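Just so it is clear, none of the values below were taken in a lab; they were calculated from the coordinates. The model shown is predicted, which means the values in this text are computed figures rather than measured ones. Cβ coordinates were reconstructed from backbone atoms using ideal geometry, including for glycine residues, and neighbour counts include every protein chain displayed.
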Amino acid sequence: MISGHARILGDFINTDVSFTNKYDDRGQSLDEIAQVSAKNVPGLQAGDILVAGSNFGAVSSRELAAKVMRKLGIGAVLARSFARLFYRNAINNGLYAFACDTSEIREGDLIEIDPATGRISVPQRNLVLSTQPLPPFLSQLVETGGLLPYVRLHPDWV
């Protein structure tokens with residue numbers, strides 16, 4: 001079960017702008033990039049769930065964005081839709097991303113997500129949403145921390 005407070009973002013969130021060092025070539029560490037990125041979402045706390053509209057991760061091709069979100073402790077990302085490359089980068093880097101109708105979720109709502117069933121709820125408001133759960137193999141990737149940690153645990157898989 002994933003539980004966290006909603007941090008509402010808009011449509012077409014370009015994660016290259018919000019969660020990477022794309023425009024700064026000093027070669028910062030993941031910790032340094034995460035510190036700067038945290039300022040892009042006011043009030044962001046470890047465990048929070050990012051809630052967005054359409055095409056989350058638009059024009060984003062850097063897996064660093066998903067790594068930074070994990071470093072910040074983001075519990076999951078909920079969006080109406082995802083840019084395909086961001087979505088795959090999220091899974092490959094151990095970050096849950098679920099497509100669902102996010103229009104009823106409000107800033108600060110406590111959200112509970114059951115990744116195994118795809119049930120998303122806001123208990124205080126009796127709001128229940130559903131999404132496609134990840135196939136078991138992809139859930140294992142996320143739970144293990146992403147593709148590389150999974151391969152390290154299962155060297156005979158490749």
Screening LEU30, LEU72, LEU85 for residues that are aliphatic (A, V, I, L, M), over 18 Å from ILE111 (Cβ atoms) and in contact with a helix residue (DSSP H, G or I) (Cβ under 8 Å, 6 or more places away or on another chain) leaves only LEU30
Considering only residues that are assigned to a helix (DSSP H, G or I) and in contact with a strand residue (DSSP E or B) (Cβ under 8 Å, 6 or more places away or on another chain), look in the stretch 105-141 and name the one that is farthest from VAL151 (Cα to Cα). GLN124
The residue that is surrounded by the most Cβ atoms within 10 Å (Cβ to Cβ), considering only those in the stretch 101-121 that are free of Cβ contacts under 8 Å to residues at least 60 places away in the same chain and under 16 Å from MET1 (Cβ atoms), is ILE120
